[in-house]
1. Residues of segment 157-193 being without any contact (Cβ under 8 Å) to a residue 24 or more places away in the chain, surrounded by 14 or more Cβ atoms within 10 Å (Cβ to Cβ), touching a helix residue (DSSP H, G or I) at 6+ places or on another chain (Cβ under 8 Å) and part of a helix (DSSP H, G or I), which ones?
2. State which residue is nearest to Val65 (Cα to Cα) when the search covers only segment 123-136 and only residues that are out of contact with any Phe, Trp or Tyr (no Cβ under 6 Å at 6 or more places or on another chain) and surrounded by fewer than 18 Cβ atoms within 10 Å (Cβ to Cβ).
3. Being under 22 Å from Leu142 (Cβ atoms), touching a residue at least 24 places away in the same chain (Cβ under 8 Å) and in contact with a Leu (Cβ under 9 Å, 6 or more places away or on another chain) narrows it down to one residue among Leu40, Leu52, Leu31; which is it?
4. Which of (1) polar (S, T, N, Q); (2) modelled with pLDDT of 95 or more; (3) more than 19 Å from Gly147 (Cβ to Cβ) is the odd one out, the single condition Thr5 does not satisfy?
5. Can you name the residue in segment 50-64 that is over 25 Å from Arg173 (Cα atoms) and of a type outside the set (D, E, K, R) and, of all such residues, is surrounded by the fewest Cβ atoms within 10 Å (Cβ to Cβ)?
6. Can you tell me which of (1) among the acidic types (Asp, Glu); (2) outside any loop (DSSP other than H, G, I, E, B); (3) in contact (Cβ under 8 Å) with a residue 24 or more places away in the chain is the one Asp146 doesn't meet?
7. Tell me, please, whether a residue that is of a type outside the set (S, T, N, Q), assigned to a loop (DSSP other than H, G, I, E, B) and under 19 Å from the mean Cα position of the chain (by Cα) can be found in segment 16-23.
8. Restricting segment 5-63 to residues that are of a type in the set (Ser, Thr, Tyr) and in contact with a strand residue (DSSP E or B) (Cβ under 7 Å, 6 or more places away or on another chain), which is nearest to Glu110 (Cα to Cα)?
Amino acid sequence: MNEPTFAHRLLQYDDATSLALTNGARFIRKLPDDRSLGYLHKLFPAVTDRQLDELEEALVRPIPVAYRAFLLWSDGACFFDNSIYLYGFAENQARSLEPVDQTAISIRQENQLFSVAESERWSAGWMKVGNTVAWSSKVDLLLHEDGACAIIGVTGSHVAGSFDEAIHLLLDRIGPCFSGDGLIDRDYANLEAGLASLVRPAN
């Protein structure tokens, strides 16, 4: 499957400390700490077309083409030491810390909640596909059935034309806060500022 347009920005950190599993999962760049799952990026085994069809049936709506393509490359993901989460098909209730047992956050479970808590947005064609977190701030990543992708925060929002465009924007703001060894600014001030800059209301 073709890599998404932002893949090279993640894979540039790939080195000898990375972990590639036989199931297709890739954990990119081990961070210099004692956490067994402390990696800069986590990519999970790709879904199949059949699993995507099953997911669409469960969600009772089609998954936009760009996100289908992403899931066929990686079934959800975590970028920059769990600062950016993208949701996936697999559901894992195990509490194992073994890399082979790890999965992304369940897109089905998240949207069961989203369809109730944000019923107007759900009815308008939006679904929740991820979120980004700092120390005390969080934004959600919403994808519309027409392909538009919105970054939604408490103070405002930004709507990108596509999923890939939104991820590039997140990487532009979040990426500079990290090196290959993890978060640079340990008081999270730069990460908080980067996140806030994504959703400032228009003047």
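1. Asn190, the sole residue that qualifies.
2. Within segment 123-136, the subset out of contact with any Phe, Trp or Tyr (no Cβ under 6 Å at 6 or more places or on another chain) is 123-127, 132-133, 136.
Checking which are surrounded by fewer than 18 Cβ atoms within 10 Å (Cβ to Cβ) leaves us with 123-125, 133, 136.
On the way: Ser123: 19, Ala124: 18, Gly125: 14, Val133: 26, Ser136: 33 Å.
Taking the candidates together, the pick is Gly125.
3. Details: Leu40 fails: under 22 Å from Leu142 (Cβ atoms); Leu31 fails: under 22 Å from Leu142 (Cβ atoms).
Residue meeting the stated conditions: Leu52.
4. So the condition that Thr5 fails would be (3).
5. Within segment 50-64, the subset over 25 Å from Arg173 (Cα atoms) is 50-63.
Adding the requirement that they be of a type outside the set (D, E, K, R) leaves 51-52, 55, 58-60, 62-63.
Details: Gln51: 16, Leu52: 18, Leu55: 19, Ala58: 14, Leu59: 15, Val60: 8, Pro62: 12, Ile63: 21.
The selected residue is Val60.
6. (2)
7. Going through segment 16-23, the residues of a type outside the set (S, T, N, Q) turn out to be 16, 19-21.
Add one more test, that the residue is assigned to a loop (DSSP other than H, G, I, E, B), and what stays is 16, 21.
Next cut, under 19 Å from the mean Cα position of the chain (by Cα) only: none.
Within segment 16-23, not a single residue is of a type outside the set (S, T, N, Q), assigned to a loop (DSSP other than H, G, I, E, B) and under 19 Å from the mean Cα position of the chain (by Cα).
8. At the first step, the residues of segment 5-63 found to be of a type in the set (Ser, Thr, Tyr) are 5, 13, 17-18, 22, 36, 39, 48.
From what's left, in contact with a strand residue (DSSP E or B) (Cβ under 7 Å, 6 or more places away or on another chain): 13, 17-18, 39.
Working: Tyr13: 29, Thr17: 32, Ser18: 29, Tyr39: 24 Å.
This residue is Tyr39.
The values are calculated or read from the model by the stated rules, or taken from the named source; none is laboratory data. Just so we're clear, the structure is a prediction, and the values are computed from it rather than from any experiment. Backbone-built Cβ (ideal geometry, glycine too); neighbour counts: all protein chains shown.
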